[in-house]
Structures are given as C-alpha cells and as structure tokens.
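Contents: one structure, followed by commentary.
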Amino acid sequence: QVQLVESGGGLVQAGGSLRLSCTASRIIFRLHAMGWYRQAPGKQRELVAAITSGGTTNYADSVKGRFTISRDNAKNTVYLQMNSLKPEDTAVYYCTAGRNGLNYWGQGTQVTVSS
C-alpha cells in the first residue's frame, strides 16, 4: 500500500531550524500535490504548507517567510525547511499526498521547540 514516511523531527531551541523530509512509495509522486499539516495538543490539525505537482506553493500565514516547502520528484521526497522556529510551532507534523480527491497521510513526526 501507499506509504509516506516522515523524518527530521526533534527538539530544537527557539530560533533554530529543522528540515523535515517525507518519502513516498507506491504512488506516482510527480503527479501528486504534497503538503505538510501539523497538530498541536488540544488543537485542530492545520495546513502548514503545500506544493502542487507543478511546483506552486502556498503557506499558512503563521509560517510565511520562515518555512519553505520543496519537492524532489527524482527522490519521491517532499521537504519542509523550518527556520526561526517558535515554541508555538511545537506539534506533530504530518505529510500528505493528494490527487483526484484521494489523500494519503504519513504517521507524523514530532517537532518540539523550547523557549
């Protein structure tokens, strides 16, 4: 079955950086829109960033100018570069792949930003 495997989460101090990676298998990666969502304790899951199959990106207002989403179709991988991290960025981050109304999710990776 389709697998999305995230990596790169961890503990970082405020102001630091992390890069998340998500590698997909068993999908035609280049045809899928990819995205990163996050869910903090007690909060709803929210879209952080997304990138279409054509490379168009969009971001949540809260991360604009700090986070960058990119994709490498040759490696079936999408990245989320997170800079200037804040304690409010603490959450479980999930990778998604979507095409024609069908969406897949990864298992999530924890990002914790200490103040």
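The values are calculated or read from the model by the stated rules, or taken from the named source; none is laboratory data. Please read these numbers as outputs of a predicted model, since none were measured by experiment. In this analysis, Cβ positions are derived from the backbone assuming ideal geometry, glycine residues included, and neighbour counts consider all displayed protein chains. The accessibility values were calculated without ligands, DNA or RNA, using every heavy atom of the protein model including side chains. Shrake-Rupley method; radii C 1.70, N 1.55, O 1.52, S 1.80 Å.
Any idea how many residues of the range 66-75 are open to solvent by less than 50 Å² (accessible area, probe 1.4 Å) and either closer than 17 Å to V113 by Cβ or outside any strand (DSSP E or B) (or both)?
Number of matching residues: 2.
When Y37 is evaluated against the numbered criteria (1) open to solvent by 50 Å² or more (accessible area, probe 1.4 Å); (2) farther than 22 Å from S7 by Cβ, which criterion, by number, is the only one it fails?
For Y37, the exception is condition (2).
Suppose the filter is touching a strand residue (DSSP E or B) at 6+ places or on another chain (Cβ under 7 Å) and modelled with pLDDT under 95; does R26 pass it?
yes
Kindly evaluate Y79 against the criterion of being among the aromatic types (F, W, Y) and in contact (Cβ under 8 Å) with a residue 40 or more places away in the chain.
Numbers: among the aromatic types (F, W, Y): yes; in contact (Cβ under 8 Å) with a residue 40 or more places away in the chain: yes.
So Y79 fits the description; yes.
Tally up the residues in the range 1-26 that are in contact with a Phe, Trp or Tyr (Cβ under 7 Å, 6 or more places away or on another chain) and more than 15 Å from T109 (Cβ to Cβ), please.
1
Please determine, by comparing only the residues of the range 82-115 that are assigned to a strand (DSSP E or B) and without any contact (Cβ under 8 Å) to a residue 12 or more places away in the chain, which one is surrounded by the most Cβ atoms within 10 Å (Cβ to Cβ). It would help to see each step written out before you state the result.
Of the range 82-115, the ones assigned to a strand (DSSP E or B) are 82, 91-99, 102-105, 109-114.
Narrowing the set further to residues that are without any contact (Cβ under 8 Å) to a residue 12 or more places away in the chain leaves 102-103.
Details: L102: 10, N103: 12.
Among those that are assigned to a strand (DSSP E or B) and without any contact (Cβ under 8 Å) to a residue 12 or more places away in the chain, it is N103.
Can you find even one residue in the range 40-50 that is assigned to a loop (DSSP other than H, G, I, E, B), open to solvent by less than 70 Å² (accessible area, probe 1.4 Å) and either farther than 22 Å from V5 by Cβ or in contact with a strand residue (DSSP E or B) (Cβ under 7 Å, 6 or more places away or on another chain) (or both)?
Let us first name the residues in the range 40-50 that are assigned to a loop (DSSP other than H, G, I, E, B), namely 40-45.
Remaining after also requiring open to solvent by less than 70 Å² (accessible area, probe 1.4 Å): 40.
This time we only want the ones that are either farther than 22 Å from V5 by Cβ or in contact with a strand residue (DSSP E or B) (Cβ under 7 Å, 6 or more places away or on another chain) (or both), so: 40.
Yes, because at least one residue in the range 40-50 is assigned to a loop (DSSP other than H, G, I, E, B), open to solvent by less than 70 Å² (accessible area, probe 1.4 Å) and either farther than 22 Å from V5 by Cβ or in contact with a strand residue (DSSP E or B) (Cβ under 7 Å, 6 or more places away or on another chain) (or both).
How many residues are in contact with a Gly (Cβ under 7 Å, 6 or more places away or on another chain) and among the charged types (D, E, K, R) when one looks only at the range 1-55?
Result for the range 1-55: 2.
Can you tell me which residues in the range 51-65 are open to solvent by 30 Å² or more (accessible area, probe 1.4 Å) and either under 14 Å from the mean Cα position of the chain (by Cα) or on the phi < 0 side of the Ramachandran plot (or both)? Show your work before the answer.
We begin by selecting, within the range 51-65, every residue open to solvent by 30 Å² or more (accessible area, probe 1.4 Å); these are 52-59, 61-62, 64-65.
If the condition is that a residue be open to solvent by 30 Å² or more (accessible area, probe 1.4 Å) and either under 14 Å from the mean Cα position of the chain (by Cα) or on the phi < 0 side of the Ramachandran plot (or both), then T52, S53, G54, T56, T57, N58, Y59, D61, S62, K64 are the ones that fit.
I'd like the full set of residues that are open to solvent by 30 Å² or more (accessible area, probe 1.4 Å) and among the hydroxyl-bearing types (S, T, Y), limited to the range 1-32.
S7, S17, T23, S25
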